[in-house]
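Structure first, commentary second.
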Amino acid sequence: MTGKEILYFGDPMCSWCWGFAPVIDNICEEFSKKIPISLTLGGLHAYDNFPMSEEYKANIKHHWEDVNKMTGAKFDYRFFDREKFILDTEPACRAVVAVKNLEKGKEISFYEKISRSFYSENKDTTNIDTYKSICAEENLDFTEFSIIFHSDEIKKKTAEDFAYTKSIGVSGFPTLIAKDNEKLSLLSSGYQPYSILQPIIKNWINVDP
């Protein structure tokens, strides 16, 4: 399927992306042998530097409840007991970019495990120690990961992901873009179940360019 690719835009600390995890897994399982599927990090709350207010927490909690109702994704609401937590999604995104450069092909799995650790295990994804167990699960060397994670090159590449996301007009996550050579077209913006996306993707793949 020359020239065709599915571009997935998301953030591991985006609750709707957590709900979308089984959907992208199904997409990868069915279509990844036919066309490439790539992940670009969106930076939902990247570089935030202020503690979450109670109003901010309430807004986020409302999103979590909506995602749970629609997708069944599990959440640990003890998160909202944290005081002065800064919801900066850049470190979690940078961890995925580090894995893309460390061992390409493991980034989506690693990305989903970050979401799991944040949403259902109440772990602090702004703390690099959280990634020790995920690296172990993925058979990645944590020391090597840490070096890459802290490098200026990976910080720059993460910022480039954010910039590319904005440059093509993606503002919400999860988003799927169909790329046919240099032509980009929207497959899905926001959460959609696999039952809806599967025939759309299948039809696009099988249409002659």
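Return a yes/no flag: does segment 78-91 have any residue that is hydrophobic (A, V, I, L, M, F, W, C) and under 30 Å from Ile196 (Cα atoms).
no
The set of residues in segment 26-85 being closer than 25 Å to Ala98 by Cβ, aromatic (Phe, Trp, Tyr) and more than 19 Å from the chain's Cα centre (by Cα) consists of Phe79, Phe85. Looking at the structure I just gave you, is Tyr164 within 30 Å of Tyr77 (Cβ to Cβ), aromatic (Phe, Trp, Tyr) and under 18 Å from the mean Cα position of the chain (by Cα)? For Tyr164, the condition - within 30 Å of Tyr77 (Cβ to Cβ), aromatic (Phe, Trp, Tyr) and under 18 Å from the mean Cα position of the chain (by Cα) - is not met. If the condition is being free of Cβ contacts under 8 Å to residues at least 60 places away in the same chain and not hydroxyl-bearing (Ser, Thr, Tyr), then segment 1-47 contributes Glu29, Lys33, Pro36, His45. Test Ala98 against the stated conditions and say whether it is crowded, with 21+ Cβ neighbours inside 10 Å and either in contact (Cβ under 8 Å) with a residue 12 or more places away in the chain or of a type in the set (Gly, Ala, Ser) (or both). Against the criterion (crowded, with 21+ Cβ neighbours inside 10 Å and either in contact (Cβ under 8 Å) with a residue 12 or more places away in the chain or of a type in the set (Gly, Ala, Ser) (or both)), Ala98 qualifies.
Kindly list the number of the only condition in (1) surrounded by 13 or more Cβ atoms within 10 Å (Cβ to Cβ); (2) at pLDDT 95 or above; (3) assigned to a helix (DSSP H, G or I) that fails for Lys156. (1) is the only condition that Lys156 fails. When residues in segment 158-184 are screened for being within 24 Å of His63 (Cα to Cα) and basic (Lys, Arg), 1 of them pass.
In segment 170-190, what residues are in a loop (DSSP other than H, G, I, E, B) and under 17 Å from the mean Cα position of the chain (by Cα)?
Applying the first criterion (in a loop (DSSP other than H, G, I, E, B)) to segment 170-190 yields 170-174, 181-182, 190.
Hits for segment 170-190 are Val170, Ser171, Gly172, Phe173, Pro174, Gly190.
When you check Ile147 against the structure, is it over 30 Å from Gly3 (Cβ atoms), part of a helix (DSSP H, G or I), of a type outside the set (Asp, Glu) and out of contact with any Phe, Trp or Tyr (no Cβ under 9 Å at 6 or more places or on another chain), yes or no? For Ile147, the condition - over 30 Å from Gly3 (Cβ atoms), part of a helix (DSSP H, G or I), of a type outside the set (Asp, Glu) and out of contact with any Phe, Trp or Tyr (no Cβ under 9 Å at 6 or more places or on another chain) - is met.
Number of residues in segment 40-65 that are buried (at least 20 other Cβ atoms within 10 Å of the Cβ) and within 18 Å of Lys156 (Cβ to Cβ): the value is 5.
From the list Phe79, Phe75, Phe118, which residue is aromatic (Phe, Trp, Tyr), free of Cβ contacts under 8 Å to residues at least 60 places away in the same chain and out of contact with any His (no Cβ under 9 Å at 6 or more places or on another chain)?
On the way: Phe75 fails: free of Cβ contacts under 8 Å to residues at least 60 places away in the same chain; Phe118 fails: free of Cβ contacts under 8 Å to residues at least 60 places away in the same chain.
Answer to the check: Phe79.
Filtering Leu176, Leu140, Leu184, Leu197 for residues that are surrounded by fewer than 16 Cβ atoms within 10 Å (Cβ to Cβ) and either touching a Leu at 6+ places or on another chain (Cβ under 9 Å) or more than 18 Å from Pro12 (Cβ to Cβ) (or both) leaves a single hit, Leu184.
The values are calculated or read from the model by the stated rules, or taken from the named source; none is laboratory data. As the structure is a computational prediction, the values presented were derived from the model and not from experiment. Virtual Cβ from ideal backbone geometry, glycine too; neighbours counted across all protein chains shown.
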